[in-house]
There are 2 protein chains.
Amino acid sequence: MSKNTYAIIGSGALGGFYGAKLQKAGLEVHFLLRSDYQHVLKNGLIIESKNGDFTLPQINAYNNTNKMPKCDVILVALKTTQNYLLPELLPPLCQENNVVLLLQNGLGTEPEIAKIVGEERVIGGVSNIASNKIGYGHIRHVDYGLIRIGKYTTNYQPAGITNKMREISQDFESAGIQVNLSEDLFQERWKKLVWNIPYNSLSVILDARTDEMMGDTNTRNLITEIMQEVLEGAKSCKCEIPNSYIQNMLDHTDKLNPYLTSMKIDYERRQPLEIESIIGNPLRMAGAADIQLNKIGMLYQQLKFLDARNRQDI
Amino acid sequence: MSKNTYAIIGSGALGGFYGAKLQKAGLEVHFLLRSDYQHVLKNGLIIESKNGDFTLPQINAYNNTNKMPKCDVILVALKTTQNYLLPELLPPLCQENNVVLLLQNGLGTEPEIAKIVGEERVIGGVSNIASNKIGYGHIRHVDYGLIRIGKYTTNYQPAGITNKMREISQDFESAGIQVNLSEDLFQERWKKLVWNIPYNSLSVILDARTDEMMGDTNTRNLITEIMQEVLEGAKSCKCEIPNSYIQNMLDHTDKLNPYLTSMKIDYERRQPLEIESIIGNPLRMAGAADIQLNKIGMLYQQLKFLDARNRQDI
């Protein structure tokens, strides 16, 4: 087993959960926290999980990356709306041969991170997980957890599987988290968008759960049409996703328990929405290839309005 | 001055207001009521209006068209969602040479009415009015009031100005209501849709007033793009509206006082929304001409979902 050490940047629903699982499996993990820092320093982390609850009474907690050791894997699990902090947060953590694993929603953030830490260091990943932070240092893992990771290269060209990726996979699997290794990070990101764009957007715009939207013919059709636009967008960027993937996603969602999307949770908490990474960036990439995605463009405009109004008096 | 008698079918914010103004001007008016019938029979109508408040302590009130006299003008001012009642309501009112004036939102209802009463009898109209029913027999006229009317002919072909239209115009003008006579009812209806489709739809979907939507760049652009789609829809039906009309509508709306659209008011009252006449019919007409209106199609789907959910436990 590898002896990789992990720095978790953003120890919320996602980073907090995965970091805790890694630490529980015996790995050395260091957590960057902000609002939870004082509480977690004193009380550690509580994880409620469908795979078994546990607590970590003591963790390595930091509120400043300058104080953190330089770990082998820097796992970035911030909301993309916080990425403007990364040019300051990441450089103190970098050392020769360590990597940044970007476990975030959407598209187009890897190039930004590559500018900060160097492209050779960047691994991207998408996570299928239903997990919420429900209090200071208190995370509830509802379901799933699979991660797909791939090496980032210029313009998201397909890349090989690196040794570091294999090590990360082993580390996570020792912690009970399945990691799929992919040679095509770009496709993984677009595939995730097939789900994320319609459900995240419409859950906010229509104030609706996935089961309500799937149970109504009009929204079900709309979701399907938006998914088709995502496939068009991917295709415009030379990323082919088979049409059958849409039916897979619909079937998958039919089986989900009634579920609030991450964007809906952010909206209800009056947090900034991940509109640019999930919707704006794919829209602009397709636009650069002269493909207009009408429905997704309209989702973007509706969400920008709602997000601005939602936070105007904060 | 003409001696036309008027039957008002649907004596709410619109029909109640215009009917009361006509009666106040000395014309013979008969009102069909439903929920307000008992109250109005006893107490008459109260009109609050920016042009002067007045009450009509006694009016000719009915709850059944079989009991009403056959008037010269049958003014239909029901919400289009109530039009399924018209095959029963209208026939008892028809006599030789009387007309049906259809003062309703949207497109595509005249052909339905023509099937019931005969095409020669049908005049259509659009009304620019801000008026609300705020209690039994109690109407608040906030602003505007202009009506544009035109003769209906098969497939909305342009038609001449009839004597009956001139008489109606004189009747209304004697009551202080301006009536413009049009030779192109179809164009009047499409022009009204340039405003009605974006503002009515988005006010419900985004839970927003017109001023909020106009003040945000994203929704302002979206409104403009939807207006462009309405023009495309009109054009697909051989109805040309100049592009400058969009700017007129935007400028006009910028000057409006913060305003809830009629569809938003219906939504808040959990009444059925006029989705089919305002959005569905224009969409289908353009579709029949092989023009897909993507954004309007998405408004339709979103509204159908919201409307169904809004009334599911009534």
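The values are calculated or read from the model by the stated rules, or taken from the named source; none is laboratory data. Note that the coordinates shown come from a computational prediction; the quantities given were computed from them, not determined experimentally. Virtual Cβ from ideal backbone geometry, glycine too; neighbours counted across all protein chains shown. Surface accessibility is based on the protein's heavy atoms, side chains included, excluding ligands, DNA and RNA. Shrake-Rupley method; radii C 1.70, N 1.55, O 1.52, S 1.80 Å.
Annotations
- 14 Å cut-off, amide nitrogen to a point 7 angstrom out along B:Asp207 Cα→Cβ, residues in segment A:241-268: A:264-265, A:267-268
- Accessible surface of segment B:170-314 [probe 1.4 Å, protein heavy atoms]: carbon and sulfur percent: 43
- Other-chain or far-sequence residues with amide H under 5 Å of A:Asn180's (modelled H): A:Ile147, A:Arg148, A:Ile149
- Karplus (6.51, -1.76, 1.60) ³J(HN,Hα), θ = phi - 60°, over segment A:92-101, in Hz, Gly and Pro reported as x: x, 8, 7, 8, 4, 6, 8, 10, 10, 9
- Filtered GluC sites (Glu not before Pro), segment B:242-279: DSSP coil and at most 12 other beta carbons within 10 Å: none
- Counting only other chain Cβ atoms within 10 Å of each residue's Cβ, the peptide B:218-228 averages 3.
- Helix axis angle, A:294-310 relative to chain A longest principal axis, alpha carbon, degrees: 60
- Near the amide H of B:Thr5, within less than 5 Å, lie the amide hydrogens of B:Asp72, B:Val73, all on another chain or at least 5 residues away, with H placed in the peptide plane.
- Taking amide hydrogens as placed 1.01 Å from N in the peptide plane, the amide H of A:Val142 sits under 5 Å from those of A:Ala130, A:Ser131, A:Asn132, each at least 5 positions away in sequence or on another chain.
- Computed 3J(HN,Hα) for segment A:173-179, one whole-Hz value per residue from the Karplus formula 6.51 cos²θ - 1.76 cosθ + 1.60 where θ = phi - 60°, is 5, 5, 9, x, 10, 6, 10, glycine and proline marked x.
- Local electrostatic count, B:Pro87, Cβ distance below 12 Å [Lys/Arg +1, Asp/Glu -1]: -1
- Loop-located GluC sites (Glu not before Pro) in segment A:161-249, at most 13 other Cβ atoms within 10 Å (DSSP): A:Glu183, A:Glu240
- Each listed q (0.16 Å⁻¹) maps to a log10 I(q)/I(0) for chain A, found by the Debye formula over equal Cα scatterers with no solvent: -1.45.
- Accessible area buried, both sides summed, chains A and B with 1.4 Å probe, Å²: 2200
- Projected label distance in nm at B:Ile161 and A:Glu268, using a 7 Å step from Cα toward the beta-carbon: 5.9
- Ligands, DNA and RNA excluded, the heavy atoms of B:Tyr37 present near 40 Å² of accessible surface to a 1.4 Å solvent probe.
- Theoretical FRET efficiency, 1/(1+(r/R0)^6), r = Cβ-Cβ of B:Thr81 and B:Asp313, R0 22 Å, to 0.05: 0.75
- With the simple spin-label model, which puts each label point 7 Å out from Cα in the Cβ direction, the B:Gln247 to A:Glu232 separation comes to 3.0 nm.
- Chain A - charge dipole about Cα centre, Lys and Arg +1 at Cβ, Asp and Glu -1, debye rounded to 20: 580
- Occluded residues from segment B:257-298, i.e. those whose accessible area drops by 20 Å² or more once the chain is not alone (1.4 Å probe): B:Asn294, B:Lys295, B:Met298
- Gap separating the Cα centres of segment B:288-314 and segment A:95-140, nearest whole Å: 38
- Low-density loop cleavage sites - trypsin sites (Lys or Arg not before Pro) in segment B:233-314, where at most 16 other Cβ are within 10 Å (DSSP): B:Lys238, B:Arg269, B:Arg270, B:Arg311
- Of all DSSP beta bridges in chain A, antiparallel share, percent nearest 5: 35
- Averaged over its residues, the protein assembly as shown has an accessible area of 42 Å² per residue, based on protein heavy atoms and a 1.4 Å probe.
- Gyration tensor verdict on segment B:1-80 (Cα atoms; rounded if a/c is under 1.5, prolate if a/b is larger than b/c, oblate otherwise): rounded
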